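Here's the structure we're looking at; comments come further down.
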Amino acid sequence: MERLDKRVAGSLTRFYVVALCVVAMLTVSGLFLIRRTISNLNHDSRVVNVAGRQRMLSQRLTKLAILKINGMEHRDSTSFGALLQLWKDSHEDLARRRLPVETGFVTWKSQPLDTMFRDLDPVFDGIYNNFALINSDSVADDGKRVALAQVLDNEPRFLARMDRIVFQFDKESFERLENLERIEWILDIMTILVLVAEGLLIFRPVVNTTRRVVRMLTESEDALQFSNQKLKETNTQLVETQKELLRLEEEKYELQRAEDRVRAGALIEGQEEERKRFALELHDGIGQMLTGLKLHAEKLKSVQFHDEKHQKRFDQLVTLVQDIIATTRQISFNLMPSVLSDFGLISALKLLCQQTADVSGIKIEFEGDTGDRLPLTRPMEIGLYRIAQEALNNAVKHANADRIKIKLEQNKNRIVLQIADDGKGFLISNLKSEEGLFLTRNGMENIRTRTQLLNGEMEIISKVDSGTRLIVQVDL
């Protein structure tokens with residue numbers, strides 16, 4: 001289907017081209033006729049002037065003839081013969097309807113003028129012949145006087161007929177002027193009719209078409225605004241739905257995280273309870289039996305063995321029992337240090353630093369308030385102790401550090417735990433997955449999980465060859 005704008009543009013273009021062509025044609029035709037008529041009027045004035053000059057020349061020739069025959073002096077320096085020749089040439093040009101002008105010749109057609117010139121020719125010839133006799137030197141004075149008398153006798157008739165010829169020239173020129181005026185009126189009327197037709201056939205359809213198009217555009221705009229309003233409402237509903245879905249997803253995610261925390265908390269709590277039970281079993285069961293075995297072994301030291309080998313083996317057995325007792329105590333301490341529940345987190349961390357330094361040979365310092373016991377719940381004490389234990393083991397095993405420092409302080413309503421070393425460090429990006437979560441290597445995921453269970457915040461600061469610092473902050 002043809003587009004509306006192309007159809008309207010094509011129709012308007014055709015109408016305007018036709019109307020402009022007609023108006024241009026009428027305007028050019030009027031200008032051509034006016035220019036041609038003005039040129040003809042200029043030529044008519046020239047013809048009328050020449051015809052009027054014929055009367056003047058005839059009278060001038062008569063005056064000169066009288067002066068010449070009577071021998072009277074005069075101031076007219078024009079040659080009688082030249083004047084007579086000019087009068088004859090002008091008459092012949094008018095009679096032949098071919099008058100020379102600057103740009104060529106002027107011609108015309110007029111039956112009345114042709115008739116008038118035919119009637120004038122005998123009178124003109126008679127006067128011209130008599131003027132020729134008067135101008136001739138071979139003619140006697142009496143003959144010249146007779147010729148002058150004939151000139152004077154024919155001159156009134158010549159002048160009267162020339163007057164009619166001049167009037168006829170003027171009449172025909174006026175008729176052509178009236179004809180031009182009539183043509184101009186016709187062209188003006190045709191132009192007005194074309195303009196009226198243009199208004200009826202072009203402007204009125206254009207106005208109607210424009211009105212219809214504007215109405216269609218208005219209706220389309222109203223429909224578009226209505227559609228935009230509906231779309232806006234739909235988008236608003238969609239946005240609200242998306243927000244609701246996002247809220248539900250967030251709630252689902254938070255619920256899942258809460259479930260994970262609860263599950264992890266229950267798992268860790270179960271682990272801690274199992275560690276506590278196992279530590280008690282080691283301490284109260286195997287530990288007591290090993291202690292009894294050590295006491296019996298020490299009583300047997302007073303017995304003398306006859307064989308040195310037996311004595312040596314017995315000493316080795318006593319040493320092995322002592323080592324087993326120390327290892328059992330260390331395992332029991334690592335599983336659940338009794339000092340943590342008896343004296344609090346600070347004492348447990350100081351003992352952890354001392355034992356780890358003794359085992360690893362690394363200088364480990366603890367910095368904390370040695371005053372009153374911190375107001376921490378048991379799960380918080382166990383969680384922070386496990387975090388410090390895991391971080392300290394990581395530093396001992398992987399950092400290649402010479403010095404490790406654990407700092408515990410209370411900052412207003414927050415507990416801040418820092419574990420720093422001067423080891424080789426690492427890139428934080430190598431410790432996280434693509435989703436930004438900590439990897440399980442080096443126990444970092446365990447530290448993160450315990451921090452989350454305590455509703456705390458964890459930060460790791462590390463650079464290659466610049467050591468590592470772990471900061472855990474927990475609200476009291």
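Structure notes:
Matching residues to (1) modelled with pLDDT under 85; (2) crowded, with 16+ Cβ neighbours inside 10 Å; (3) farther than 21 Å from SER347 by Cα; (4) in contact with a helix residue (DSSP H, G or I) (Cβ under 6 Å, 6 or more places away or on another chain):
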{"position": "VAL396", "(1), (2), (3), (4)": "no, yes, no, yes"}
{"position": "ALA399", "(1), (2), (3), (4)": "yes, yes, yes, no"}
{"position": "ARG403", "(1), (2), (3), (4)": "no, no, no, no"}
{"position": "ASP422", "(1), (2), (3), (4)": "no, yes, yes, no"}
{"position": "LYS432", "(1), (2), (3), (4)": "yes, no, yes, no"}
{"position": "GLY436", "(1), (2), (3), (4)": "yes, no, yes, no"}
{"position": "THR440", "(1), (2), (3), (4)": "yes, no, yes, no"}
{"position": "LEU454", "(1), (2), (3), (4)": "yes, yes, no, yes"}
{"position": "ASP465", "(1), (2), (3), (4)": "yes, no, yes, no"}
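- Residue match in region 200-211 (condition: part of a helix (DSSP H, G or I) and closer than 25 Å to LEU86 by Cβ): no
- Being modelled with pLDDT under 80 and among the polar types (S, T, N, Q) is a property that does not hold for THR449.
- Condition broken by LEU159, with the remaining ones in (1) surrounded by fewer than 17 Cβ atoms within 10 Å (Cβ to Cβ); (2) of a type in the set (A, V, I, L, M); (3) under 24 Å from LEU20 (Cβ atoms) satisfied: (3)
- Test: residue in region 169-186 that is under 30 Å from PHE131 (Cα atoms) and at pLDDT 80 or above: yes
The values are calculated or read from the model by the stated rules, or taken from the named source; none is laboratory data. Keep in mind it's a predicted model, so treat the numbers as computed, not measured. Please note: Cβ atoms are built from the backbone with ideal geometry, for glycine as well, and neighbour counts cover all protein chains shown.
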